[in-house]
Amino acid sequence: MGLYGPGAARRPERLPQRAAADADVILLAAAFRGVAAIEGFNHFGAEIQRQPQLVTGPTDALFAGDDASAKTTVMDLATRMGFRSRDAGPLRNAALLENLAVLWIQLATVGGLGRTFGFRIEPQA
């Protein structure tokens with residue numbers, strides 16, 4: 001999750017009220033008007049961030065945001081880092097990515113997969 005642009009360093013006057021289904025990045029976007037907010041890099045662990053290559057190819061890094069230019073910049077960065085970047089749609093989908101992060105944690109811990117796996121979207125054979 002992140003804020004990008006010239007206003008990203010300023011402090012908000014006050015954070016808006018949180019609705020139960022709001023992702024944190026949506027609250028930040030509301031507090032920092034005019035700053036691009038992009039959700040991503042949160043559905044895998046540090047091990048995958050260091051080495052995103054899986055057996056079948058690079059881990060998918062999913063990004064949600066309303067600013068197309070900022071999202072393209074972040075996706076290009078992820079690709080240069082070794083991920084396969086995927087556009088997850090508008091910022092309203094940020095909560096879905098946060099839920100994917102919760103699923104990753106569940107699978108890594110209780111599910112017994114450990115921290116060295118990532119998600120990769122593949123077409124049917």
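Considering region 20-31, and only residues there that are surrounded by fewer than 20 Cβ atoms within 10 Å (Cβ to Cβ) and in contact with a helix residue (DSSP H, G or I) (Cβ under 9 Å, 6 or more places away or on another chain), the residue that is modelled with the highest pLDDT turns out to be 24. Scanning region 43-70 for residues that are in contact with a helix residue (DSSP H, G or I) (Cβ under 8 Å, 6 or more places away or on another chain) and surrounded by 20 or more Cβ atoms within 10 Å (Cβ to Cβ) yields 43, 44, 59, 61, 62, 63, 64, 65.
Evaluated against (1) loosely packed, with under 14 Cβ neighbours inside 10 Å; (2) within 13 Å of the chain's Cα centre (by Cα), residue 114 falls short on exactly one condition, (2). Determine, yes or no, whether residue 92 is modelled with pLDDT under 95 and basic (Lys, Arg). Here the answer is yes, as residue 92 does meet what is asked. Take residue 86 and tell me if it is part of a strand (DSSP E or B), surrounded by 14 or more Cβ atoms within 10 Å (Cβ to Cβ) and of a type outside the set (A, V, I, L, M, F, W, C). So residue 86 passes the test.
Screening 80, 50, 86, 115 for residues that are of a type in the set (Lys, Arg), in contact with a strand residue (DSSP E or B) (Cβ under 8 Å, 6 or more places away or on another chain) and modelled with pLDDT of 95 or more leaves exactly one candidate, 86.
For (1) touching a helix residue (DSSP H, G or I) at 6+ places or on another chain (Cβ under 7 Å); (2) surrounded by 14 or more Cβ atoms within 10 Å (Cβ to Cβ); (3) on the phi > 0 side of the Ramachandran plot; (4) part of a loop (DSSP other than H, G, I, E, B), each residue gets a yes or a no:
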| residue | (1), (2), (3), (4) |
| --- | --- |
| 93 | no, yes, no, no |
| 97 | no, yes, no, no |
| 104 | no, yes, no, no |
| 118 | yes, yes, no, yes |
| 125 | no, no, no, yes |
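Of all residues in region 27-48, count the ones that are of a type outside the set (Lys, Arg) and farther than 20 Å from residue 96 by Cβ. Talk me through it step by step, then tell me what you get.
Taking region 27-48 as the starting set, the residues that turn out to be of a type outside the set (Lys, Arg) are 27-32, 34-48.
With the extra rule that they be farther than 20 Å from residue 96 by Cβ, the set shrinks to 31-32, 34-35, 46-47.
Counting residues in region 27-48 that are of a type outside the set (Lys, Arg) and farther than 20 Å from residue 96 by Cβ gives 6.
Checking region 51-63 against the condition returns a match, with at least one residue being part of a loop (DSSP other than H, G, I, E, B), without any contact (Cβ under 8 Å) to a residue 40 or more places away in the chain and closer than 19 Å to residue 120 by Cβ.
For beta carbons closer than 8 Å, sequence separation of 6+ or different chains, a first residue in region 77-97 that is without any contact (Cβ under 8 Å) to a residue 12 or more places away in the chain and a second that is buried (at least 16 other Cβ atoms within 10 Å of the Cβ), the qualifying pairs are 79/85.
The values are calculated or read from the model by the stated rules, or taken from the named source; none is laboratory data. None of the values given here were measured: they were computed from a predicted structure. Note that we place each Cβ from the backbone using ideal geometry, even for glycine, and neighbour counts take in every protein chain shown.
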